[in-house]
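Working notes for the structure below.
The values are calculated or read from the model by the stated rules, or taken from the named source; none is laboratory data. Model, not experiment: these values are computed from the prediction. We place every Cβ from the backbone using ideal geometry, glycine too, and count neighbours over all the protein chains shown. Heads up: the accessible areas ignore ligands, DNA and RNA and are worked out on the full protein's heavy atoms, side chains in. Shrake-Rupley method; radii C 1.70, N 1.55, O 1.52, S 1.80 Å.
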Amino acid sequence: MKYGIYFAYWEKEWGADQLAYVKKVKELGFDVLEISLAAIRDLDKAGLDRFKDAARAYDVTLTAGYGPAASENLASADEAIVKNAISFYTDMLKKLEYLDIHTLGGGIYSYWPVDYSKPIDKKGDWARSVKNVRTVAKIAGECGVDYCLEVLNRFEGYLLNTAKEAVQFVEEVDEPAVKVMLDTFHMNIEEDSMTDAILTAGDKLGHFHVGENNRRVPGTGNTPWAEIGKALHRVNYQGNVVMEPFVMPGGQVGSDIKIWRDIVEHTDLASLDRDAAQSVNFLRHVFCDYCSHGN
């Protein structure tokens, strides 16, 4: 497995300049930097080349994540919105192919965060999403990108709240590029068992996010990391493990994630860097115990 981190740990805006984080994550001991599609959606070829060249120079794998806007909702009953969403993903997937990015994850079957002041039609949205994800998945497959559907907690999404639902959805889409994406923060809210959720996803697990129950870096909360590592080994997960901590209020990131206070005592850059470096070392130790010894 390779270990990574999402750029937004350090930022308050999704569209922030993310290029500098390629070097940073390498220096902190990571293999992977996860960026947002917001970082590349408006880049020209020269801008894309800068990302591509930096990743090669520092030997960093890039992955991508995204929380679609309501205008990019593949589950929408509005045909104009669906048309716009398919166009958006077609463009983005071609950019990801150019950047040699092979994983896109997030609530990319609906939109995020959900506006619960509006009526919810889970059955209808599910059917529309399956159909339209299938269309996008064919393009993802042509671009060599795994299209990973993130299982979200009930407060952020309603279509896929558990690994069981995600597996059912992926089976209905029935396209090789479509995978399940699990996140320990959401699993902690929705799943009866971390182990059972991972085993349920099994060989359909395409991407894995990690973070504590309180959104801090792994190793600083009450998440059962040894149990999780053992389960990942049991399903022979060989993909990326990307931490997604959020610890600072402010900006669109803080608003969307609902961070209303400093989650950690120190949020200066040096402290954030130190915590991230310590956390990735912790994960390597805990998870690789099972990789090495088959416990």
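Which value, in debye to the nearest 20, describes the size of the charge dipole of the range 1-133 about its Cα centre when Lys and Arg Cβ atoms bear +1, Asp and Glu Cβ atoms bear -1, and nothing else is charged?
220
Name the residues of the range 51-94 whose amide N is less than 20 Å from a point 7 angstrom out from the Cα of Arg284 along the C-beta direction?
55-63
Carbon-plus-sulfur fraction of the accessible area of the chain, 1.4 Å probe, in percent?
Looking at the chain in its full context, I get 48 percent from C and S.
Which of the peptides 281-287, 117-123 is most tightly packed, and how do the rest follow, going by the mean number of other Cβ atoms within 10 Å of each residue?
In descending order of packing, they fall as 281-287, 117-123.
Name the long-range amide H neighbours of Val210: under 5 Å, sequence gap of 5 or more, or other chain; modelled H, no Pro or chain starts.
The list, which skips near neighbours in sequence, is Thr184, Val242, Met243, Glu244.
How many Å² of accessible area per residue for the chain, probe 1.4 Å?
Each residue of the chain exposes 43 Å² on average to a 1.4 Å probe.
To the nearest 0.05, what FRET efficiency results for Ile120 and Ser255 with a Förster distance of 22 Å applied to their C-beta separation?
The value I calculate is 0.50.
Quick one: which residues, 5 or more positions from Glu34 or on another chain, have an amide H under 5 Å from its amide H? H modelled 1.01 Å from N in the peptide plane, none for Pro or chain starts.
It is Ile5, Tyr6, Phe7, Thr63, by chain and number.
Helix-derived [θ] at 222 nm for the chain: sum -39500 (n - 2.57) over DSSP H runs of at least 4, divide by residue count, nearest 500?
Helix-only estimate at 222 nm: -14000 deg cm²/dmol.
If you take the square roots of the eigenvalues of the alpha-carbon gyration tensor of the chain and sort them as a ≥ b ≥ c, do you get rounded (a/c under 1.5), prolate (a/b over b/c) or oblate?
In terms of gyration-tensor shape, rounded.
Would you mind getting me the FRET efficiency between Ser271 and Gln168? Use the beta-carbon distance for r and R0 = 30 Å, nearest 0.05.
Once the sixth-power term is evaluated, E becomes 0.10.
What pairs in Lys45/Lys122; Lys131/Lys230; Lys23/Lys138; Lys23/Lys131; Lys2/Lys118; Lys26/Lys230 have C-alpha atoms more than 30 Å from each other?
Result: Lys45/Lys122; Lys131/Lys230; Lys23/Lys138; Lys23/Lys131; Lys2/Lys118 exceed 30 Å.
Hey, can you grab everything whose amide H is under 5 Å from the amide H of Ile108? Only 5+ residues off in sequence or another chain; H modelled, so Pro and N-termini drop out.
Amide H neighbours of Ile108, under 5 Å, 5+ apart: Glu150.
When the Karplus curve 6.51 cos²θ - 1.76 cosθ + 1.60 is applied with θ = phi - 60°, which whole-Hz ³J(HN,Hα) does each residue of the range 241-251 get, with x for Gly and Pro?
Working through the residues one at a time gives 10, 10, 7, 10, x, 9, 10, 10, x, x, x Hz.
With a point put 7 Å past each Cα toward its Cβ, work out how far Ala70 is from Asp44 in nm, to one decimal.
3.4
With +1 on the Cβ of every Lys and Arg and -1 on the Cβ of every Asp and Glu, and nothing else charged, how large is the dipole of the range 174-289 about its Cα centre, in debye rounded to the nearest 20?
Magnitude of the dipole: close to 200 debye.
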